[in-house]
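In what follows, a structure is listed as structure tokens, so that the remarks can point back to it.
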Amino acid sequence: MKFNLQEQALSRPLITAHRGISCANIPGNTRIAFEAALCQGADMIELDVSNAADGELFIFHPGMERIFLGLDKRLYELSSEEIRKLRFLNYDQVITDYPLMTLDEALEMLKGRCYINIDKFWDNPEAICRVLRRHDMMDQVLVKAPYSENVVNALKEIAPEIPFMLVTKNEDPYSEMLQKSGIHYVGAEVLFKEEDAPVASQEYIASMAAKKLIVWVNAIVYNYKTVLAAGHNDDISISGRADEGWGWLLDKGFHIIQTDFPLQLRHYMNGRK
């Protein structure tokens, strides 16, 4: 499979599965969650990376140890050997048989199969880049961050070739500068509470596409108080109002939609002209 995120996202909307598929007995950020997401039509897997005390990288959302592992310690306090003995809890807080994957294991599993958004990249940028280069997967990965000169300078030094996306809220004053900055800038993840936000306009999205830049939007709801896309989200889409949720986002022309329901979103997209 040839990987060119900008080219493919500009040709059709891409679906990102938030931590794979997590429901019932399947915890997110696990091998089975990623396999389920690919079976359900995801183009990209979003995953989180944490580090052990000895530096080895694992697929886990930092700070969620009590919720997903029933653990009162942080992963960075544990050795790799200790982490390998841990098992995820399911949605009923019952222990499963699913262990934590290493980043090496996750990359080997997903190599050549989909795009990968590595969240929490900035906790261990140099270590993550070493692993990506070892697997020869820089073109398959996307990293994101809000704008700062420190981020841009770090990318220039560590990995100018890695696809990078700006995270911006309501407005986007940085894309033109970032496209000329010497890093591999591919577009913006936009957050907005109101429908009339500049970054939610068709004009903005079309102007980005004209510059071969892509725009990512979030349909996920991980905190109802934190509005990511003016209420056009998974919750209303999955409960019978998909035209107001996913449909609104697709009509605007967003290039990537992150969701917790990739199969249902894929079916909805296939049913549209």
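Which one of the conditions (1) surrounded by fewer than 22 Cβ atoms within 10 Å (Cβ to Cβ); (2) free of Cβ contacts under 8 Å to residues at least 40 places away in the same chain does L249 fail to meet, given that it meets all the rest?
Here L249 clears every test but (1).
Name every residue in the stretch 64-83 that is charged (D, E, K, R) and over 24 Å from the mean Cα position of the chain (by Cα), in order of residue number. Show your work before the answer.
At the first step, the residues of the stretch 64-83 found to be charged (D, E, K, R) are 65-66, 72-74, 77, 81-82.
Those that are charged (D, E, K, R) and over 24 Å from the mean Cα position of the chain (by Cα): D72, K73, E77, E81, E82.
Check the stretch 23-30 and report whether any residue there is β-branched (V, I, T), surrounded by 16 or more Cβ atoms within 10 Å (Cβ to Cβ) and within 14 Å of the chain's Cα centre (by Cα). Give the derivation first.
If we filter the stretch 23-30 for residues that are β-branched (V, I, T), which is where we start, we get 26, 30.
Filter once more, so that each one left must be surrounded by 16 or more Cβ atoms within 10 Å (Cβ to Cβ): 26, 30.
Those still in the list that are within 14 Å of the chain's Cα centre (by Cα) too: none.
For the stretch 23-30, residues β-branched (V, I, T), surrounded by 16 or more Cβ atoms within 10 Å (Cβ to Cβ) and within 14 Å of the chain's Cα centre (by Cα): absent.
If I ask for residues that are in a loop (DSSP other than H, G, I, E, B), in contact (Cβ under 8 Å) with a residue 60 or more places away in the chain and in contact with an Asp or Glu (Cβ under 7 Å, 6 or more places away or on another chain), which ones from the stretch 252-273 would you list? Steps first, answer last, please.
Initially, the stretch 252-273 is screened for residues in a loop (DSSP other than H, G, I, E, B), giving 253-255, 260-261, 272-273.
Narrowing further to those that are in contact (Cβ under 8 Å) with a residue 60 or more places away in the chain: 254-255, 260.
Of everything in the stretch 252-273, just one residue is in a loop (DSSP other than H, G, I, E, B), in contact (Cβ under 8 Å) with a residue 60 or more places away in the chain and in contact with an Asp or Glu (Cβ under 7 Å, 6 or more places away or on another chain), namely D260.
Please list, ordered by residue number, the helices (runs of 4 or more DSSP H) wholly in the stretch 116-196 having 3 or more residues that are crowded, with 21+ Cβ neighbours inside 10 Å, under 15 Å from the mean Cα position of the chain (by Cα) and at negative phi.
none
Which residue, of S237, S207, is outside any loop (DSSP other than H, G, I, E, B) and in contact with a helix residue (DSSP H, G or I) (Cβ under 8 Å, 6 or more places away or on another chain)?
Details: S207 fails: in contact with a helix residue (DSSP H, G or I) (Cβ under 8 Å, 6 or more places away or on another chain).
Only one candidate passes the filter, namely S237.
Against the definition (surrounded by fewer than 20 Cβ atoms within 10 Å (Cβ to Cβ), within 18 Å of the chain's Cα centre (by Cα) and either under 16 Å from H18 (Cα atoms) or not hydroxyl-bearing (S, T, Y) (or both)), how does D54 come out, yes or no?
Values: surrounded by fewer than 20 Cβ atoms within 10 Å (Cβ to Cβ): yes; within 18 Å of the chain's Cα centre (by Cα): no; either under 16 Å from H18 (Cα atoms) or not hydroxyl-bearing (S, T, Y) (or both): yes.
When the stated conditions are applied, D54 does not pass them.
Name the helices (runs of 4 or more DSSP H) wholly inside the stretch 1-104 in which the number of residues that are within 27 Å of I257 (Cβ to Cβ) is 3 or more. Outline the logic, then answer.
Details: elements: 5-11, 31-39, 65-69, 80-84.
It comes to 5-11, 31-39.
Quick check on the stretch 197-208: of everything there that is open to solvent by 30 Å² or more (accessible area, probe 1.4 Å) and in contact with a Gly (Cβ under 9 Å, 6 or more places away or on another chain), which residue is nearest to E126 (Cα to Cα)?
Checked the stretch 197-208; the qualifying residue nearest to E126 (Cα to Cα) is A206.
For the stretch 209-227, give me each residue that is open to solvent by 20 Å² or more (accessible area, probe 1.4 Å) and either closer than 22 Å to Q264 by Cα or touching a Gly at 6+ places or on another chain (Cβ under 6 Å) (or both).
Of everything in the stretch 209-227, those that are open to solvent by 20 Å² or more (accessible area, probe 1.4 Å) and either closer than 22 Å to Q264 by Cα or touching a Gly at 6+ places or on another chain (Cβ under 6 Å) (or both) turn out to be V221, Y222, N223, Y224, V227.
The values are calculated or read from the model by the stated rules, or taken from the named source; none is laboratory data. Just so it is clear, the model here is predicted, and its values are computed rather than measured. Cβ atoms come from the backbone with ideal geometry, glycine included; neighbour counts cover every protein chain shown. Heads up: the accessible areas ignore ligands, DNA and RNA and are worked out on the full protein's heavy atoms, side chains in. Shrake-Rupley method; radii C 1.70, N 1.55, O 1.52, S 1.80 Å.
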